[in-house]
């Protein structure tokens, strides 16, 4: 198809031949020439009507239908014009004026119809009403002509009347306007048809101008006008009748073609929109097959669109069968209503926000990746849970109320405990109703301050508890929003006890001031007493040094006689032992063992005295390694015992390594000794925290002790009744206590009789 009129050379030759034949016919018999020309015009007009009328149920152009109805009436008047022509004898008694009037009426009807027809494009046309209107107008025109109402158009001997000439010019102008309007609306037609119709209208204008010059119905200008009319009618025939029969889609379905083109363009625009939107989108047909997938959907689904188009969604994503996706998509399709939901799809590891809409050809699905948002929401939810937990377990009173009327929305456990009202008793009620806030003016000031965007910090307030007692507190508050409502978060630190103590302190200060004077008088006496005590203290220190020296000397000097006694007892047993009576031999053995025990006790006393005199050499000590060495030594003494030693790694301390080794020897040695009756003995060395400082401990599951006797554990020579025969001099724990004291530390013990003991020490 093209915008240029294409008439083949054979057609042009035939057309030229027809025109030449008609000219020859006009020379031989003008009446026959006129009849042929007009009948051709009538037949073409009838053909246009037949085609247009019978195709009205199809999506044809309203232009063709309007022109077809108009040409039915134009052809009818032209038929009357042909029959009334001078010489036909059909209407006797009428001259050339009658066919001229019928001609003008037909041309008016035709030109006006061609002018109005383009205005019908894009509008709905009612065929029967339009036909009825045209028939009525035609009947009125014919009646006015035959009734003598229509103005005269031709006078025998004089020629054309002014009415005829003016009408031809008006008809020509109307045809020119119709031509311009047709060209303006040419987008609604096939280009070939537009050019044919345009040429036909132009030839009609030329014919009309030719008809303004003749003075006789058989004159040359009349001949020329009819020849141009034949050419115009032929082009109308080519543009409507022939095209409708040979290429009907160009005329009948032009509008449909344009609609399809517009639909394709619309699809392209929609496709461009679908590709440009930030949401992922895909479309499914009624068989759950993909019909469209945009670029964002390719990215989120991790599939190329050529992998998905035409494939079943449940085949491509079998993990979704039975999931919320499967359920909601079927629901949207079956119930014909849109659905929206949020769901996690494990194979892709993503959360999706999905909206599915039923469509005429299936289902349209929009979705977006909300994994990041869900992570944030989860974090916020965890934060809210943490806040709720912190809110409820906070040691201070915490309250959430509405800002406007002070209605309680939430209180914590400290509120219930301090104020006395249970949570369910106060929620939904105001502090004024409950009588909790004593000074309501102060509460109003809090509201004004927080509404101004400021915080309330440590205001002194008084609350009234459920039992009527007053509670003094330091009040802080800040405005917050909960569920789009302005609220107040209040924190009250209970200082009732402190305030009472402060008042008591003020009273005591007054008393102390009174007594300060008395103390000043006593101070002089105390100073003298202190000097005396310092003198006594120096004497005691000297005495302690002498006592320690004496203890060391006595212990050292006692070892010689004990050694001699032990040796003599051994000599007596070797020389005379075989002759001794059993009882006598038993006595000698007791002497030997007791002297050995006495020697051990003296050694222990010497060590105890040495600890008091020796200088400390502080350094970083690996207590874990030291404890393992002591444990290994214990195992060497009694390798047959099944004892589990648990020593924590990396325990260090700052102190004298030699003395700390003595302390661990005693503590771990005691644990080894007092677990001797256990089948599964367990000894543990570790470190914990006590009062902000490291506390080292030795724990065992031995015989334990009664906590009522705990103060006697670290006294020299004090041995507790353990209920089992364990040897000992009662100096070991005293030695440990002395070592810890020399390190400015502290030692204590915890235990239960029959369930073991734990010894703690800090340095």
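Which of the residues spanning the stretch 83-128 are buried (at least 20 other Cβ atoms within 10 Å of the Cβ), touching a helix residue (DSSP H, G or I) at 6+ places or on another chain (Cβ under 6 Å) and not in a helix (DSSP H, G or I)?
84, 85
Within the stretch 370-380, does at least one residue satisfy the condition of being assigned to a strand (DSSP E or B), touching a strand residue (DSSP E or B) at 6+ places or on another chain (Cβ under 9 Å) and in the same structural domain as residue 340 (by TED's automatic domain parsing)?
The first filter runs over the stretch 370-380 and keeps only residues assigned to a strand (DSSP E or B), leaving none.
Looking through the stretch 370-380, none of the residues is assigned to a strand (DSSP E or B), touching a strand residue (DSSP E or B) at 6+ places or on another chain (Cβ under 9 Å) and in the same structural domain as residue 340 (by TED's automatic domain parsing).
Among the residues of the stretch 675-699, what is the count of those that are farther than 19 Å from residue 737 by Cα and buried (at least 20 other Cβ atoms within 10 Å of the Cβ)?
3
Which one of 217, 233, 241 is under 26 Å from residue 16 (Cβ atoms), touching a helix residue (DSSP H, G or I) at 6+ places or on another chain (Cβ under 9 Å) and at pLDDT below 60?
217
Among the listed residues 207, 187, identify the single one that is under 19 Å from residue 167 (Cα atoms) and either in a helix (DSSP H, G or I) or modelled with pLDDT of 75 or more (or both). Steps first, answer last, please.
Values: 187 fails: under 19 Å from residue 167 (Cα atoms).
Going through 207, 187 in turn, just one is under 19 Å from residue 167 (Cα atoms) and either in a helix (DSSP H, G or I) or modelled with pLDDT of 75 or more (or both): 207.
Residues in the stretch 476-501 that are outside any strand (DSSP E or B) and exposed (fewer than 11 other Cβ atoms within 10 Å of the Cβ): how many?
Final tally of qualifying residues: 3.
Condition first: in contact with a strand residue (DSSP E or B) (Cβ under 9 Å, 6 or more places away or on another chain) and either assigned to a helix (DSSP H, G or I) or modelled with pLDDT under 85 (or both). Now tell me which residues in the stretch 158-173 satisfy that.
Correct list: 160, 164, 168.
Do we have any residue at all in the stretch 133-142 that's in contact with a helix residue (DSSP H, G or I) (Cβ under 6 Å, 6 or more places away or on another chain) and under 29 Å from residue 187 (Cβ atoms)?
Just the residues of the stretch 133-142 that are in contact with a helix residue (DSSP H, G or I) (Cβ under 6 Å, 6 or more places away or on another chain), to begin with: 134, 138, 141.
The next check asks that each one be under 29 Å from residue 187 (Cβ atoms); those that pass are 134.
Within the stretch 133-142, one or more residues are in contact with a helix residue (DSSP H, G or I) (Cβ under 6 Å, 6 or more places away or on another chain) and under 29 Å from residue 187 (Cβ atoms).
Restricting to the stretch 444-475, what's the tally of residues that are part of a strand (DSSP E or B) and more than 13 Å from residue 495 (Cα to Cα)?
Filtering the stretch 444-475 down to residues part of a strand (DSSP E or B) leaves 456-464, 470-475.
Checking which are more than 13 Å from residue 495 (Cα to Cα) leaves us with 456-457, 464.
Adding up the residues that qualify gives 3.
Report yes if some residue within the stretch 133-142 is without any contact (Cβ under 8 Å) to a residue 24 or more places away in the chain and outside any helix (DSSP H, G or I); otherwise report no.
No, the stretch 133-142 has no match at all.
How many residues are buried (at least 19 other Cβ atoms within 10 Å of the Cβ) and within 21 Å of the chain's Cα centre (by Cα) if we restrict to the stretch 301-320?
Selection size over the stretch 301-320: 1.
Do we find that residue 563 is within 22 Å of residue 738 (Cα to Cα), at pLDDT below 80 and out of contact with any helix residue (DSSP H, G or I) (no Cβ under 7 Å at 6 or more places or on another chain) in this structure?
Values: within 22 Å of residue 738 (Cα to Cα): no; at pLDDT below 80: yes; out of contact with any helix residue (DSSP H, G or I) (no Cβ under 7 Å at 6 or more places or on another chain): yes.
Spelling it out, it is not the case that residue 563 is within 22 Å of residue 738 (Cα to Cα), at pLDDT below 80 and out of contact with any helix residue (DSSP H, G or I) (no Cβ under 7 Å at 6 or more places or on another chain).
Determine which member of the set 445, 416 is surrounded by 16 or more Cβ atoms within 10 Å (Cβ to Cβ) and assigned by TED's automatic domain parsing to the domain that holds residue 487.
416
So which of 522, 507 is at pLDDT 75 or above and either surrounded by 11 or more Cβ atoms within 10 Å (Cβ to Cβ) or outside any helix (DSSP H, G or I) (or both)? Please lay out each step first, then the result.
Working: 507 fails: either surrounded by 11 or more Cβ atoms within 10 Å (Cβ to Cβ) or outside any helix (DSSP H, G or I) (or both).
522 is the lone residue from the list that is at pLDDT 75 or above and either surrounded by 11 or more Cβ atoms within 10 Å (Cβ to Cβ) or outside any helix (DSSP H, G or I) (or both).
Any idea which residue in the stretch 321-350 is nearest to the chain's Cα centre (by Cα), counting only those that are within 17 Å of residue 368 (Cβ to Cβ) and not in a strand (DSSP E or B)? Before the answer, list the steps.
Of the residues in the stretch 321-350, the ones within 17 Å of residue 368 (Cβ to Cβ) are 324-325, 328-329, 338-345, 348-350.
Restricting the remaining residues to those that are not in a strand (DSSP E or B) gives 324-325, 328-329, 338, 348-349.
Details: 324: 18, 325: 18, 328: 20, 329: 22, 338: 21, 348: 16, 349: 14 Å.
The residue in question is 349.
Evaluate the following for residue 155: is it surrounded by 15 or more Cβ atoms within 10 Å (Cβ to Cβ), at pLDDT 90 or above and more than 23 Å from residue 205 (Cα to Cα)?
Working: surrounded by 15 or more Cβ atoms within 10 Å (Cβ to Cβ): yes; at pLDDT 90 or above: no; more than 23 Å from residue 205 (Cα to Cα): yes.
Here the answer is no, as residue 155 does not meet what is asked.
Would you call residue 411 surrounded by 14 or more Cβ atoms within 10 Å (Cβ to Cβ) and touching a residue at least 40 places away in the same chain (Cβ under 8 Å)?
Details: surrounded by 14 or more Cβ atoms within 10 Å (Cβ to Cβ): yes; touching a residue at least 40 places away in the same chain (Cβ under 8 Å): no.
The answer is no for residue 411.
The values are calculated or read from the model by the stated rules, or taken from the named source; none is laboratory data. Predicted model only: the values in this text are computed from it and were never measured. In this analysis, Cβ positions are derived from the backbone assuming ideal geometry, glycine residues included, and neighbour counts consider all displayed protein chains.
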